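K.L.:
Below you will find the structure I want to go over with you.
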Amino acid sequence: MTISRGPSLERFADSRSLTLGVELELQIVNRHDYDLTPASKDLLRLMGKYKLPGNVTPEITESMIELCTGVCDNHKQVLSQLTETRDALVACAAQLNVGLCGGGTHAFQDWSQRRIFDTPRFHEVATLYGYLSKQFTIFGQHVHIGCTGPDQALVLLHGLSRFIPHLIALSASSPFVQGTDTGFHSARVNAVFAFPLSGRAPFVNRWDDFLIYFDKMTRTGVVKSMKDFYWDIRPKPEYGTIEVRVLDTPLTIEKAAALAGYIQCLARWLRIEKPFEPHEDDYLPYTFNRFQACRFGLDGTFVDPSTGEHRCLRDDIEASFQTLEIHAMELGAEDALSYLRKELAGVGNDASWLRGVHGREQLLPEVVRRQCRRWAGDSP
């Protein structure tokens, strides 16, 4: 028996080095009890009258919506584009009497009540993954970094993989699932991990080798395109980028822009200074580090893959800010690092803020209401 050759991977598009693109998945909630509500089609219809720098698109269930920036050069442009699109979305949501908010999970929604958005791709995913597709009503931030070529993209992908726990801990905003405090700072990442093609990308640093891997996977019939890989970081050849996918959606656009600026600084540092050569052994503590960040957030343990030294993630993140200062100046990202530094010294991350609100109010719908106010820019 012969196995037919699978579809080929598209050409790696031309892209300017270190450009940025940001995608944010948002919760749509009603204004009665602040549960999720299936209003994405109506929101998209109203948003059709706006001319935006990026896009607003549906997500897999009708209680989600995704906003995307265009191609940006720096943190300031990201923040400007996110602000413009956020303001338009909030205005349209007000017309429908629904709310929008960030957060990696909705605090108390019942996944079984979700509706799959009517597109062939989403129905295909629902058929394949069953109940997991509705449980995928989770909300993340994706950051694209432009790369001048595919080999450079793979080297950057493996370099940034060392900082996956840092990004999880900083962005964590999903402590509650199905009305329960999970004890995790980012429970959202656990839902992604349920998918069979999640986790880390294979260690190859030449595009020719990646094409061989992709060809083998498609010939098995397991995958048809890059969309079938739910890796923490994956190449996006049609954009000429790598896509960092581990971040929970923050509660504010300011935090989302700051995280994008931080990733851009890391990418510039890795590209220019080449502080280490990526190796397969870098991934030995990867799953442990990832779990520590999800479970304990900024207080998790980070195992340095080069030395085996154990450090507190909070300390390692602060040290990275110092390392990146010159790169932040070159990229105009000083405000991004300043924002994250201030949060690190204060509440820590959004998961801690959410727990603080719940500790005071003891009512999860009130927590979600406060999330909507923060997203709209009405609350600090």
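K.L.:
Do the sum for the chain: with -39,500 (n - 2.57) for every DSSP H run of n ≥ 4, divided by all residues, what is the mean residue ellipticity at 222 nm, to the nearest 500 deg cm²/dmol?
P.N.:
Dividing the helical sum by the residues of the chain leaves -14000 deg cm²/dmol.
K.L.:
If you don't mind, there's one more thing I want to ask. Using the Kirkwood radius over Cα pairs, work out the Stokes-Einstein diffusion coefficient for region 1-88 at 4 °C and 1.567 mPa s, in µm²/s as a whole number.
P.N.:
83 µm²/s
K.L.:
Give the carbon-plus-sulfur fraction of the accessible surface of region 115-191 in %, rounded to a whole number; probe 1.4 Å, heavy atoms of protein chains only.
P.N.:
Carbon-and-sulfur percentage of accessible area, whole number: 58.
K.L.:
Can you list residues from other chains, or at least 5 along the same chain, whose modelled amide H is less than 5 Å from the amide H of LEU251?
P.N.:
GLY103
K.L.:
Further, regarding this structure: Volume per residue, Å³, of the convex hull around the alpha-carbon atoms of region 263-303?
P.N.:
87 Å³
K.L.:
Calculate one ³J(HN,Hα) per residue across region 15-24 by plugging θ = phi - 60° into the Karplus curve 6.51 cos²θ - 1.76 cosθ + 1.60, and present them in order as whole Hz with x for glycine and proline.
P.N.:
For region 15-24, the Karplus curve yields 8, 7, 4, 6, 5, 10, x, 10, 10, 10 Hz.
K.L.:
Taking only Cα atoms and a 10 Å spring cutoff, compute GNM fluctuations for the chain and point out the largest among ARG369, ARG355, ARG121.
P.N.:
Its mean-square fluctuation being the largest, the pick is ARG121.
K.L.:
What length, rounded to one decimal in nm, is gained on full extension from ILE212 through to ASP315, with 0.36 nm per residue of separation minus their alpha-carbon distance?
P.N.:
Residue separation times 0.36 nm, minus the Cα-Cα distance, leaves 33.1 nm.
K.L.:
Please work out whether region 1-154 counts as rounded, prolate or oblate from its C-alpha gyration tensor, where a ≥ b ≥ c are the square roots of the eigenvalues and a/c under 1.5 means rounded, while otherwise a/b larger than b/c means prolate and anything else oblate?
P.N.:
Since a/c reaches 1.5 but b/c is at least a/b, the shape of region 1-154 is classed as oblate.
K.L.:
Counting heavy atoms of the protein chains only and a 1.4 Å probe, report the per residue accessible area for the chain as a whole number of Å².
P.N.:
Counting only protein heavy atoms, the per-residue value for the chain is 41 Å².
K.L.:
Using a probe of 1.4 angstrom, how much of the accessible area of region 270-380 is carbon and sulfur, in percent?
P.N.:
In region 270-380, the share of accessible area belonging to carbon and sulfur is 50 percent.
K.L.:
Determine the sum of side-chain charges near ALA328: Lys and Arg each +1, Asp and Glu each -1, restricted to other residues whose C-beta is under 13 angstrom from that of ALA328.
P.N.:
-1
K.L.:
Roughly speaking, what % of Cα-Cα pairs in region 154-229 are separated by over 19 Å, rounded to a whole number?
P.N.:
Percent of Cα pairs beyond 19 Å in region 154-229: 52.
K.L.:
Another question about this same structure. Let me make sure I get this right: for region 197-343, a, b and c are the square roots of the gyration tensor eigenvalues over alpha carbons, sorted descending. Under 1.5 in a/c it's rounded, otherwise prolate if a/b > b/c, else oblate. Which is it?
P.N.:
It is prolate, given that a/c is not under 1.5 and a/b is the larger ratio.
K.L.:
Given LYS51/LYS274; LYS51/LYS255; LYS49/LYS76; LYS51/LYS342; LYS227/LYS342, which pairs have Cα atoms separated by over 30 Å?
P.N.:
Check vs 30 Å cut-off fails for LYS51/LYS274; LYS51/LYS342; LYS227/LYS342.
K.L.:
Evaluate the relative contact order of the chain (contact order divided by residue number), counting alpha-carbon pairs under 8 angstrom at least 6 apart; express in whole percent.
P.N.:
23 percent
K.L.:
At 7 Å along Cα-to-Cβ for each site, give me the label-to-label distance between THR127 and PHE203 in nm.
P.N.:
3.8 nm
K.L.:
If the elastic network links every pair of Cα atoms under 10 Å, which of THR182, THR69, THR61 fluctuates the most in the Gaussian network model of the chain?
P.N.:
Comparing THR182, THR69, THR61 in a Gaussian network model of the chain, the most mobile one is THR182.
K.L.:
How much length would be gained if the chain were fully extended between HIS32 and GLU280, taking 0.36 nm per residue of separation minus their Cα-Cα distance, in nm to one decimal?
P.N.:
Roughly 84.2 nm would be gained on extension.
K.L.:
If R0 is 30 Å, what FRET efficiency do you get for ARG115 and GLU10 from their C-beta distance, rounded to 0.05?
P.N.:
Result of the calculation: an efficiency of 0.45.
K.L.:
Go from 0 up to the bin containing the longest alpha carbon distance in region 57-135, width 10 Å each, and give me the % of pairs per bin.
P.N.:
Percent of Cα pairs in each bin: 15, 38, 33, 14, 0.
K.L.:
Where does region 80-186 land on the Kirkwood hydrodynamic radius, alpha-carbon pairs, in angstrom?
P.N.:
So the Kirkwood estimate lands at 17.1 Å.
K.L.:
Given R₀ = 22 Å, FRET efficiency for PHE193-ASP228 by Cβ-Cβ distance, to 0.05?
P.N.:
So, using R0 = 22 Å, E works out to roughly 0.90.
K.L.:
Follow-up. Rounded, prolate or oblate: which fits the chain, taking a ≥ b ≥ c as square roots of the Cα gyration tensor eigenvalues, rounded meaning a/c under 1.5, else prolate when a/b beats b/c?
P.N.:
Because its axes are fairly even, with a/c under 1.5, the chain counts as rounded.
K.L.:
If the elastic network links every pair of Cα atoms under 10 Å, which of GLU23, GLU280, GLU238 fluctuates the most in the Gaussian network model of the chain?
P.N.:
So, out of GLU23, GLU280, GLU238, the one fluctuating most is GLU280.
The values are calculated or read from the model by the stated rules, or taken from the named source; none is laboratory data. What you are looking at is a predicted structure, and each value in this text was computed from that prediction instead of being measured. Quick reminder, even Gly has a Cβ in these numbers, built from the backbone with ideal geometry, and neighbours come from all protein chains shown. Heads up: the accessible areas ignore ligands, DNA and RNA and are worked out on the full protein's heavy atoms, side chains in. Shrake-Rupley method; radii C 1.70, N 1.55, O 1.52, S 1.80 Å.
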